[in-house]
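Beneath this line is the structure, given in structure tokens, with notes to follow.
The values are calculated or read from the model by the stated rules, or taken from the named source; none is laboratory data. Note that the structure is a prediction, hence the values are computed from the model and not measured. No Cβ is skipped: glycine too gets one built from the backbone with ideal geometry, and neighbour counts run over all protein chains shown. When the accessible area is computed, the model is the full protein with side chains, heavy atoms only, and any ligands, DNA or RNA have been set aside. Shrake-Rupley method; radii C 1.70, N 1.55, O 1.52, S 1.80 Å.
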Amino acid sequence: MYGRIIFLNGTSSSGKSSIARELLHVLDEPYFHMPVDAFHRMRTGREIGADRLPDVLHRTWRGYHRAVAGMASAGNNVVVDHVLSEEWRLADCLGLFEPREVVLVGVRCSPEETERRERERGDRPAGLAARQYGRVHAHVVYDLECDTTTTSAADCARAIAAFLPHRPSPTAFERLRATAEASGR
């Protein structure tokens, strides 16, 4: 039995982690929240040279995808918050996850609000969300979308929970995998 993956995709500071935390409170079944940021925090605190950093980050994201796939393949339900700002990340997940069991949720937020949140958090490089904004939603379709500009994380979580029994067929991941296979990717 493959566990369900609720995949929250959006820019940095768009509200993905807040929605994920709320989902753990409103979902009837047990779920694990596996944020990509947790994997980055596991890495050594020593500075990594600019020449090595891209490779280290790439391996981190690939390992993260495989950890999520491993949890789901063992029958665990998982809430993922991730940033699909590079095409290879989506392609990697399409090859690893059982597409029928993925609920792909687009988490949107206005650029002005993400910038405000970045300033308040202070733990993100200034302008990170703005750099991701044009890419993060460019290559995907969704089963469901929410906008945290004016909707609370709790309300988004309740909308996602209410959506789960009515998931479409084919799912967004099934459609994306079919498109990728048809184009030879």
* **Residue satisfying all of: in segment 147-181; of a type in the set (Val, Ile, Thr) and in a helix (DSSP H, G or I); farthest from Glu22 (Cα to Cα) among these** => Thr179
* Could you say whether any residue in segment 35-55 is under 16 Å from the mean Cα position of the chain (by Cα) and not in a helix (DSSP H, G or I)? -> yes
* Taking Ser17, is it open to solvent by less than 50 Å² (accessible area, probe 1.4 Å), among the small types (Gly, Ala, Ser), touching a residue at least 12 places away in the same chain (Cβ under 8 Å) and outside any helix (DSSP H, G or I)? -> no
* Structure fact -> Among residues of segment 107-118 being in contact (Cβ under 8 Å) with a residue 12 or more places away in the chain and open to solvent by 10 Å² or more (accessible area, probe 1.4 Å), the residue nearest to the chain's Cα centre (by Cα) is Arg108
* To do: State which residue is nearest to the chain's Cα centre (by Cα) when the search covers only segment 13-34 and only residues that are polar (S, T, N, Q) and at pLDDT 85 or above.
  => Ser17
* **Enumeration of residues in segment 64-73 that are of a type outside the set (Lys, Arg) and either touching a residue at least 40 places away in the same chain (Cβ under 8 Å) or open to solvent by 20 Å² or more (accessible area, probe 1.4 Å) (or both)** => Ala67, Val68, Gly70, Met71, Ala72, Ser73
* Examine segment 22-29 for a residue that is within 24 Å of Thr150 (Cβ to Cβ), assigned to a strand (DSSP E or B) and in contact with a helix residue (DSSP H, G or I) (Cβ under 6 Å, 6 or more places away or on another chain), and state whether such a residue exists. => no
* **Qualifying positions in segment 74-91 - surrounded by fewer than 18 Cβ atoms within 10 Å (Cβ to Cβ) and out of contact with any Gly (no Cβ under 8 Å at 6 or more places or on another chain)** => Glu86, Glu87, Trp88, Ala91
* Determine which member of the set Leu164, Leu104, Leu94, Leu144 is farther than 21 Å from Asp28 by Cα and open to solvent by less than 60 Å² (accessible area, probe 1.4 Å). => Leu94
* Asked: Does segment 138-150 contain at least one residue that is over 18 Å from Leu104 (Cβ atoms) and at pLDDT 90 or above?
  -> yes
* Structure fact -> Residues of segment 168-185 being of a type in the set (Asp, Glu) and surrounded by 13 or more Cβ atoms within 10 Å (Cβ to Cβ), in sequence order, are Glu174
